[in-house]
1. With springs connecting C-alpha atoms under 10 Å apart, model the chain as a Gaussian network and identify which of V86, V23, V32 has the largest mean-square fluctuation.
2. With every protein chain kept in the model, how would you rank F70, F146 by accessible area, 1.4 Å probe, largest at the top?
3. Rounded, prolate or oblate for region 91-165? Axes are the square roots of the Cα gyration tensor eigenvalues, ordered a ≥ b ≥ c, and the cut-off for rounded is a/c under 1.5.
4. Over the chain, how many pairs of lysines fall under 14 Å by alpha carbon, counting only those 8 or more apart in sequence or from different chains?
5. So for the chain, what percent of the C-alpha to C-alpha distances run longer than 21 Å?
6. Tell me the relative contact order for region 1-154 as a rounded percent, counting alpha carbon contacts under 8 Å between residues six or more apart.
7. Can you run phi through the Karplus equation (6.51, -1.76, 1.60; θ = phi - 60°) for region 38-43 and list ³J(HN,Hα) in whole Hz, with x for Gly and Pro?
8. Can you list residues from other chains, or at least 5 along the same chain, whose modelled amide H is less than 5 Å from the amide H of I29?
Amino acid sequence: MTKTAPVLPFKIGQGYDLHRLVVGQKLMIGGVQIESPVGCEAHSDGDVVLHALIDALLGACALGDIGDHFPPSDDQYKGMDSSAFVAKVLPLVTDTGYGTGNVDVTIFLEKPKLGPYKLAIREKLAQLLDLPLHCISVKAKTAEKFPPVGTQEAIAASVTVLLYLST
Ligand code: MG
């Protein structure tokens, strides 16, 4: 028997992703292309922020994870712009009766420094989620030269979202 629970006014979700960095691939972060000699080795475009965001959204709704919805074994997702994954997941969230309230992103990357890109990433996320800029936070951290992020072998991202009951 399923335990009944009150309808929550808010739901929280968190997501995490990490990708290996290799020479000669493009580096996409939050839907923004970053100038870098290395990029992500991945089945799709390897955008760790969008992948962690999707897991956070799905997690808040208890709808599984990104691999359940977009299996890496499925060739239709090869090289895909991860913004398209976000566009497919948002209606699933809306269908549960919740809207996205705010998003807090932390990116872990040693190089290049992301300071010059943070506003562009926030703007892109705001556009993808149809939210005002003040609801989107993007923070960037290095890993103090500790592996694998600190040794420039990987990039990672952690995303927390808050959903609010909208119906
Ligand atoms: Mg990923």
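1. Answer for the Gaussian network model of the chain: V23.
2. F146, F70
3. Details: a/c = 3.24, a/b = 2.05, b/c = 1.58.
Because a/c hits 1.5 or more and a/b exceeds b/c, region 91-165 counts as prolate.
4. Working: K26/K111; K111/K141; K111/K145; K113/K139; K113/K141; K113/K145; K118/K139; K118/K141.
Eligible lysine pairs with Cα atoms under 14 Å apart amount to 8.
5. 45 percent
6. On the way: 250 pairs, mean separation 33.8, N = 154.
Reported as a whole number, the value is 22 percent.
7. Going residue by residue, I get 10, x, 8, 8, 7, 6 Hz, with x marking Gly and Pro.
8. Here I34 satisfy the definition.
The values are calculated or read from the model by the stated rules, or taken from the named source; none is laboratory data. All values reported here derive from a predicted model rather than from experimental measurement. A quick note on method: Cβ atoms are made from the backbone with ideal geometry, for glycine too, and the neighbour counts reach across all protein chains shown. In case anyone asks, the SASA skips ligands and DNA or RNA and just uses the protein heavy atoms, side chains included. Shrake-Rupley method; radii C 1.70, N 1.55, O 1.52, S 1.80 Å.
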